[in-house]
Each structure stands twice: as C-alpha cells, then as structure tokens.
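FYI, it's all coordinate maths here, none of it is from the lab. A quick note: this is a predicted structure, and the numbers were derived from the prediction, not measured. Positions of Cβ are backbone-derived with ideal geometry, glycine not excepted, and every protein chain shown enters the neighbour counts.
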Amino acid sequence: MTTMIRSIFLALAVCVLAVGSAGAQGGKPHRVVVQIDQNDPAIMNLVLNNTKNVIEYYRDRHEDVQIEIVAYGPGLNMLRDDTSPVKDRIKELADANGSKLVFAACNNTKQGMEKREGHAITIIPQATIVPSGVVRVMELEEQGYSYVKP
C-alpha cells in the first residue's frame, strides 16, 4: 500500500512540476523586430498598424510584448524629423506604450544621407541611433526576437 501511495505522490509531483514549468514559459515576454527599409508611406503605416495590432493582441491577453522597429536604407525617412510622414503616429504609439516599443535608426544610413545631402539630419526624439540597422536586426534575432518585414 505504501508503494502505491508513493507512486501517487510521485505522479502528483511530476504533474505539479510540469504545470509550473508551462506557466513559467507562458510568462515569457513576446519579442518581435520589425524592419522598415522602404521610403513608402503605405509601408510605414503598415509597420505601425502591425505594431499596434500586436501590442493590443497581447495586452488583451495580459501578456508582455516587446517590439523594436529598425529603420535603415530608404526606410530611415520614417524616423527623420524632416521627412517622416508618420511622425505624429509614432509619437502617439510611443507615448501610449512606453518601453514596450523601441524605434532604432541606422547610423550608417544616416551618415550616408548626410554626406549626400550636405547637412546634418535630425532623427525624431522617439528613436535611438544604432550603429547598423542590419546588424541590429541580426542581434535581436540572435536574442530570440521574431522577425517581421511587411
């Protein structure tokens, strides 16, 4: 009889550990990197729409999400203070979502644009400058971020 009771307790312990482990994995934040490499207002709006939808999806499920939008090449225009057709939407999204949402601007692209245009380029205040947009995407993928390119 004691062997049977031990077996039952062992089975219960295994179940508790399995459920606890599954709960810990469920608590892991979702992370996604979204690239923008086109100077197209429709694509920029698509990036922001996708971002907003992902944030709302996980907010409704009470789950954490971290999104980083990386702009390089012609897509850097999205984060330029003088050319961004979506900077008001970016400010609105950034204000509403705080640290859940990061905007990264490629410095390689910025320097190339400055050289071609002959003047300094200002990036919107919601964005941070990273050395290389492509490298940033790679690093985030290596950290387990999912990758989206609209």
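Which loop GluC sites (Glu not before Pro) in the range 46-84, with loop taken from DSSP, have no more than 15 other Cβ atoms within 10 angstrom of their Cβ?
On the way: sites: Glu56, Glu63, Glu68; in loops: Glu63.
Answer by residue number: Glu63.
Using the Cβ-Cβ distance between Val134 and Asn50 with R0 set to 22 Å, the FRET efficiency from 1/(1 + (r/R0)^6) comes to roughly 0.65. Close amide H pairs (under 5 Å, H built 1.01 Å from N) link Ile123 with Asp81, residues at least 5 positions away or on another chain.
Each residue in His62, His30, His119 was given a count of other beta-carbon atoms within 10 angstrom of its own, and listing them fewest first yields His62, His119, His30.
So which of Lys52/Lys91; Lys52/Lys149; Lys87/Lys149 end up more than 18 Å apart by C-alpha?
Numbers: Lys52/Lys91 13 Å; Lys52/Lys149 15 Å; Lys87/Lys149 20 Å.
Violating the 18 Å Cα-Cα cut-off are Lys87/Lys149.
Which FRET efficiency value, to the nearest 0.05, is calculated for Glu63 and Glu117 with the Förster distance at 35 angstrom and r the Cβ-Cβ distance?
Details: r = 43 Å, r/R0 = 1.22.
Once the sixth-power term is evaluated, E becomes 0.25.
For Thr128, the residues whose amide H sits under 5 Å from its own are Phe103, Ala104, Ala105, ignoring neighbours fewer than 5 places away on the same chain, with H placed 1.01 Å from N.
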